[in-house]
């Protein structure tokens, strides 16, 4: 199997710096495993790596989409696998870096998805349904899906319904069909640290984003896209919180506080997800971890 190095963990923990160091040591190229950094204009709020920070290391799945385009786990799976092949053909090591767990797992494991184009066309049928009506419809065609989809998660309810309507395999059946087998020889590094220290780093990261001009970044986008906050691309943490601010319903301090709070909550969910969903080798960055980690990765790299 082809080798893939993967670096996961919550925001603000240092994935970017570690990925650059490992890419230089292992002659690697980096694939962004992030659902927001694909967008050209979302730079500060997504903590996107700068050209200077890249140090000449090629990066992929970054700055490829305009805000109007929608980016899905299905698209990431296809694009990321293509990039893995391309990087291997150059004799280099693919390194996936990010915190969007489902995207990364869908790429590495034997996940199958229905074609997105057909699904997107059929979504419109359910736009005027209430959440309660969506739940009742889903009870008829794929009741087991409701065991894992919250009744308020409108997007997932509609997707499960559309899959069933198109005569595709139901969402439940698709998940059960997966063998959860890795398609690559993947070494998955998970970065962790003391939770309180991480939360403080997250708070500081958000404050740095404000100083770097996050409000101005969003304001300039709003001038280009009057319907900015209706776009799916703006649903990420660091951007969606500005909607009420620009409507005049919320102050700046409250907006900043919400970004920090949502980022901390997301970090907690990321840890839970990665612990339960993938075989991760966790390293505590509070320890003298780097030398021993690099030694383990080099051993895996050369043995394979």
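All of the numbers you see were taken from the coordinates with simple rules; none came from a lab. These numbers were taken from a predicted model, which means no experiment stands behind them. Ideal geometry is used to build each Cβ from the backbone, glycine not excepted, and the neighbour counts take in all protein chains shown.
Remark: the residue 266-residue 129 segment gains 46.5 nm on full extension, using 0.36 nm per residue and subtracting the alpha carbon distance.
Sort 212-223, 127-138 by the packing proxy (mean of other Cβ within 10 Å over each peptide's residues), most packed first.
Numbers: 212-223: 15.7, 127-138: 13.7.
With the highest mean Cβ count within 10 Å placed first, the list reads 212-223, 127-138.
Think of it as helices only: each DSSP H run of n ≥ 4 in the chain is worth -39500 (n - 2.57), and spread over all residues that comes to -15500 deg cm²/dmol at 222 nm.
Can you classify region 199-269 as rounded, prolate or oblate using the Cα gyration tensor, where a ≥ b ≥ c are the square roots of its eigenvalues, rounded means a/c under 1.5, and otherwise it's prolate if a/b beats b/c and oblate if not?
Prolate.
Out of the DSSP beta bridges found with both residues in the chain, what percent are antiparallel (nearest 5)? Intermediate values should be presented prior to the final figure.
On the way: 1 of 23 bridges.
Here the antiparallel bridges make up roughly 5 percent for the chain.
Based on other C-beta atoms within 10 Å, arrange 19, 151, 46 from fewest to most. Working shown, then result.
On the way: 19 25, 151 12, 46 22.
Listed from fewest to most nearby Cβ atoms, that is 151, 46, 19.
The ranking of 242, 273 by Cβ neighbour count inside 10 Å, starting from the fewest, reads 273, 242.
Could you work out the relative contact order of the chain, using alpha carbon pairs under 8 angstrom and six or more residues apart, expressed as a whole percent?
Working: 385 pairs, mean separation 80.0, N = 304.
The value is 26 percent.
Quick check on the chain: take the gyration tensor over C-alpha atoms, sort the square-rooted eigenvalues as a ≥ b ≥ c, and tell me if it's rounded (a/c under 1.5), prolate or oblate. Don't jump to the answer; show the numbers that get you there.
On the way: a/c = 1.70, a/b = 1.16, b/c = 1.46.
Oblate.
Rounded if a/c is under 1.5, else prolate if a/b is larger than b/c, else oblate: which is region 73-112, with a ≥ b ≥ c the root eigenvalues of its Cα gyration tensor? In terms of gyration-tensor shape, prolate. For region 252-304 versus region 1-62, the spacing of their alpha-carbon centroids is 14 Å.
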